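Read through the structure below, which is laid out as C-alpha cells, and then see the notes.
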Amino acid sequence: TLTLMRNARMIVGSNVMIHRGAKIVVHEGGELQIGENTYINELARVHCKIRIVIGKNCAIAWNTNILDTDLHYIYDESGKQMNAEKDIHIGNDVWIGSNVTITPGVTIGDNAIVGAGAVVTRDVEKNTIVAGVPAKYIRDIKL
C-alpha cells in the first residue's frame, strides 16, 4: 500500500519496482526519494516523516523496516523529546537483506551490504558489509 499524507512528496526514478505487500507511508511534510532501478520487496515497510533517500540500483529484501521516526514520542524529565525524527540516506548499489531494521539518522554508503536480520543504528561506510544486532562491521568489499 502507498499512503501520501498532506504536503508529502515521493520522487521515484525510472524502473523502480515495489512489490505487492510492501507498505510505504510518507507522513505530512515528509519526502521520500527512490532512485532508478531500485526494488523494494514484499512486506518491506517504509515510514517517512522527515526525509528518506534511497539511491539507484538498490535491492531491499522482504520484511525490511526503514523508519526515520519511531512513530511516537519519548520525553525526558524536563520535557525534551529524546527520540527525534532524523533523515535516512541509503547510497547507490546497496543491498539490504531480509528482516533488517534501519533506524532514524542512519546513512548507508554506496556499495554496502546489510546482512539479514541486522538492526542498523549507526552509519555504514561505503564498500563494507555489516550484520548483527546492533549491526557491526564484518569486512570490506573488494570491487
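Remark: the chain carries 55 Å² of accessible area per residue (probe radius 1.4 Å; ligands, DNA and RNA excluded).
Across the chain, the longest run free of exposed loop sites, meaning GluC sites (Glu not before Pro) lying outside DSSP classes H, G, I, E and B with no more than 11 other Cβ atoms within 10 Å, spans 78-143.
As an exercise, take the mean of 1/r over every pair of distinct alpha carbons in the range 47-122, invert it, and state the Kirkwood radius in angstroms. Numbers along the way, then the final one.
Numbers: mean 1/r = 0.0777 Å⁻¹.
So the Kirkwood estimate lands at 12.9 Å.
Taking every C-alpha pair closer than 8 Å and separated by at least 6 residues, the mean separation divided by the residue count of the range 2-54 gives a relative contact order of 40 percent.
Amide H contacts of Gly30: Arg9, each under 5 Å away and 5 or more positions distant or on a separate chain (H built 1.01 Å from N in the peptide plane; Pro and chain starts excluded). Do any of Lys86/Lys142; Lys23/Lys49; Lys23/Lys142; Lys23/Lys80; Lys80/Lys126 go past 22 Å between their Cα atoms, and which? Result: Lys86/Lys142; Lys23/Lys142; Lys23/Lys80; Lys80/Lys126 exceed 22 Å. Rounded to the nearest 20 debye, the dipole size of the range 1-116 about its Cα centre is 300 debye, using +1 on the Cβ of Lys and Arg and -1 on the Cβ of Asp and Glu.
Note on Ser78: accessible area is roughly 100 Å² with a 1.4 Å probe, heavy atoms of protein only. Extension gain for the segment Asn15 to Tyr137, taken as residue separation times 0.36 nm less the Cα-Cα distance, is 40.8 nm to one decimal. The listed residues Leu32, Leu43, Leu67, once ranked by accessible area (1.4 Å probe) with the largest placed first, stand as Leu43, Leu67, Leu32.
Quick one: Debye curve from the C-alpha atoms of the chain, no solvent, what's log10 I(q)/I(0) at q = 0.12, 0.14 Å⁻¹? Cα-only, vacuum Debye calculation for the chain: -0.45, -0.61.
Relative contact order (percent) for the range 35-106, with alpha-carbon contacts under 8 angstrom and 6 or more residues of separation? It would help to have the intermediate numbers written out before the result.
Working: 174 pairs, mean separation 25.8, N = 72.
Once normalised by length, the contact order is 36 percent.
In whole percent, and with a 1.4 Å probe on the protein chains, what portion of the accessible area of the chain is carbon and sulfur? Its accessible area is 50 percent carbon and sulfur atoms.
3J(HN,Hα) along the range 58-66, derived from phi through the Karplus expression 6.51 cos²θ - 1.76 cosθ + 1.60 where θ = phi - 60°, amounts to 9, 10, 10, 6, 5, 6, 8, 10, 10 Hz, with x in place of Gly and Pro. Using a cutoff of 8 angstrom between alpha carbon atoms and counting only pairs six or more residues apart, the relative contact order for the chain works out to 15 percent.
Taking amide H as placed 1.01 Å from N in the peptide plane, the amide H of Asn92 sits under 5 Å from that of Lys56, Asp110, Asn111, each at least 5 places away or on another chain.
Between the amide H of Val124 and those of Thr107, Ile108, Gly109, distances stay under 5 Å, these residues lying 5 or more places away or on another chain, with hydrogens modeled in the peptide plane. Starting from the Cα gyration tensor of the range 1-46, take the square roots of the eigenvalues, sort them a ≥ b ≥ c, and report rounded, prolate or oblate (rounded when a/c is under 1.5, otherwise prolate if a/b is larger than b/c, else oblate). Oblate is the answer for the range 1-46, as a/c is 1.5 or above yet b/c matches or exceeds a/b.
The values are calculated or read from the model by the stated rules, or taken from the named source; none is laboratory data. Nothing here was measured: the structure is a model prediction, and the numbers come from that model. Ideal geometry is used to build each Cβ from the backbone, glycine not excepted, and the neighbour counts take in all protein chains shown. The accessibility values were calculated without ligands, DNA or RNA, using every heavy atom of the protein model including side chains. Shrake-Rupley method; radii C 1.70, N 1.55, O 1.52, S 1.80 Å.
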